[in-house]
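Structure, as structure tokens:
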Amino acid sequence: MSGYTSLKPRTALVLALTAAAVAGFAVASPAFSQTPFSLTGSETPTQISGYAGTPFTLGGSDNGHAIYGVRSLERHDKPCYIRALIEDINYSADHSGEAKDLCGNDTTSSEMKVQYGTDFADRTFVRALRVCMNNDGTRIKGFQIRGRKVDANGDVSDLPPRYPDPNNSSGIDGQVDLNAPQDWRPNCDGWKRWVECPQGQVATGIVAHYGAGDTPRSVTGIALKCRAVSG
């Protein structure tokens, strides 16, 4: 005889519910098999690439997000708008950003952007940054970034240099590191020092330094804020 027909109705009901609960747990358990990554430890600030000014922090809050790029706009040849491109460390589709705009009311133009986007693996974040300045050192005219990847086990490793295939006819300079995106404007006159997160950490915020005066005010330097990733 199959089923619970030989059991008392109440006993049969309890057994049926128990079996359903066990079956339900067996199906649902994979959703909890991966522990989400989190940011851990205290925040580590870097030095400034470029020159110090009035600092404004973008990102860096304890909300599980890290920096995957930087964007800037100009007004009247002055880089007055800076944006930190931010991504959830667990959900790569969750993009956001924080910006500082000291441009005034006129329309901005001349975008400059570096990022780890769709050409890179998920959980690739900024680990180091340097800026290029104009000839008198008063305005940022270029960015370059280096990255770190967080793998499925939570291990953090540097992106190695990656150069174009010399047999490729795309015309890309063979000395360009494809894993270190860069962008600059025509009056980029000199690159400043790299600033870098400690080993095992990624950038979770940037500190944009602005020059004094009326709007539009120029960005003169950038520092990073960094934290470790725990998985």
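Bear in mind that the values in this text are calculations on the coordinates, not laboratory data. Keep in mind that what you see is a predicted model, and the values were worked out from it rather than measured. Cβ sites come from the backbone with ideal geometry, for glycine too, and all protein chains shown count toward neighbours.
Hey, with R₀ at 22 Å, roughly what FRET efficiency would D122 and S38 work out to, going by the Cβ-Cβ distance, to 0.05?
Working: r = 16 Å, r/R0 = 0.74.
My answer for the efficiency is 0.85.
Under 5 Å between amide H atoms, partner at least 5 residues away or on a different chain: which partners does Y51 have, H built in plane at 1.01 Å?
Under 5 Å from the amide H of Y51: G221, I222.
Less than 11 Å Cβ to Cβ from E196, Lys/Arg counted +1 and Asp/Glu -1: what total charge do the surrounding residues give?
+4
What list of whole percents do you get for P(r) of the stretch 61-118, with Cα-Cα distances grouped in 10 Å bins up to the one holding the largest distance?
Bins of 10 Å from zero give 23, 44, 25, 7 percent of pairs.
Counting only other residues whose beta carbon sits under 13 Å from that of D94, what net charge do I get with K and R as +1, D and E as -1? Kindly include the intermediate steps, with their values, before the conclusion.
On the way: positive: R123; negative: E87, D88, D122.
It works out to a net charge of -2.
To the nearest µm²/s, what D does Stokes-Einstein give for the stretch 104-148 at 37 °C and 0.692 mPa s, using the Kirkwood radius over alpha carbon pairs as Rh? Kindly include the intermediate steps, with their values, before the conclusion.
Values: Rh = 12.8 Å.
So the translational diffusion coefficient is about 256 µm²/s.
Please list the radius of gyration and Dmax for the stretch 70-201, considering alpha-carbon atoms only, with Å as the unit.
16.1, 48
Find which of G50, P166, G142 sits farthest along the positive direction of the dipole of the stretch 47-197, computed with +1 on the beta-carbon of Lys and Arg, -1 on that of Asp and Glu, about the Cα centre.
Among G50, P166, G142, the one farthest towards the positive end of the dipole of the stretch 47-197 is G50.
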